[in-house]
Amino acid sequence: MAHIHYKFSSKLSYDTVVFDGPHITLTDLKRRIMGREKLRAGDCDLQITNAQTKEEYTQDEELISKGSSVIVRRIPINGVKSSSSSKTQNTLPCLCVTRVIFSRFPFSCSLSLSVLPAAYELSRDLRGSGNSHVTFVSL
């Protein structure tokens, strides 16, 4: 059994994907990581980068050798520019679902990415009035 170590850029420790053979395709690696992390392919995509060389894997059928270590980032499904290109693109962070908790109200609600800008504006209004505390929690 061969393995690849992966970690999300925000995590400290590596997890492992186990597979048969001397290498795995980028598509298969993404599918296995999404399965282990309970992510849905329709919500976001994964950006995979070699941890040692910082090379980003971009071709779906690209082969990744056993024993490699990779860094994983969640990105919006419509994609973002490669880390080597301009960083001036105006995109929202990849928050597949966010729970917004209004501490003065006896409920919380889940919002999709499409309504996050409106929720953010609401949170600014509520924080400014001092009437409530709003917390965004990424799920």
Checking Val18 against (1) outside any strand (DSSP E or B); (2) exposed (fewer than 15 other Cβ atoms within 10 Å of the Cβ); (3) not hydroxyl-bearing (Ser, Thr, Tyr), the condition it does not meet: (1)
Sort out which residues of the stretch 1-27 are among the charged types (D, E, K, R) and either within 15 Å of the chain's Cα centre (by Cα) or under 16 Å from Ile75 (Cα atoms) (or both), and write them in order of number. Lys7, Lys11
Out of all the residues in the stretch 28-56, which are part of a helix (DSSP H, G or I) and more than 16 Å from the chain's Cα centre (by Cα)? Asp28
Only residues in the stretch 1-12 that are on the phi < 0 side of the Ramachandran plot and of a type in the set (S, T, N, Q) count as the first member; pair them with residues that are open to solvent by 60 Å² or more (accessible area, probe 1.4 Å) and assigned to a strand (DSSP E or B), Cβ under 6 angstrom, at least 6 apart or cross-chain, and list the lot. Ser9/Arg73
When the stretch 21-50 is checked residue by residue, the ones that are open to solvent by less than 30 Å² (accessible area, probe 1.4 Å) and touching a residue at least 24 places away in the same chain (Cβ under 8 Å) are Ile24, Leu26, Leu29, Ile33, Cys44, Leu46, Gln47, Ile48, Thr49
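The values are calculated or read from the model by the stated rules, or taken from the named source; none is laboratory data. Since this is a predicted model, take the numbers as computed values, not measurements. Neighbour counts are summed over all protein chains in view; Cβ atoms, including those assigned to glycine, are modelled from backbone coordinates with ideal geometry. Heads up: the accessible areas ignore ligands, DNA and RNA and are worked out on the full protein's heavy atoms, side chains in. Shrake-Rupley method; radii C 1.70, N 1.55, O 1.52, S 1.80 Å.
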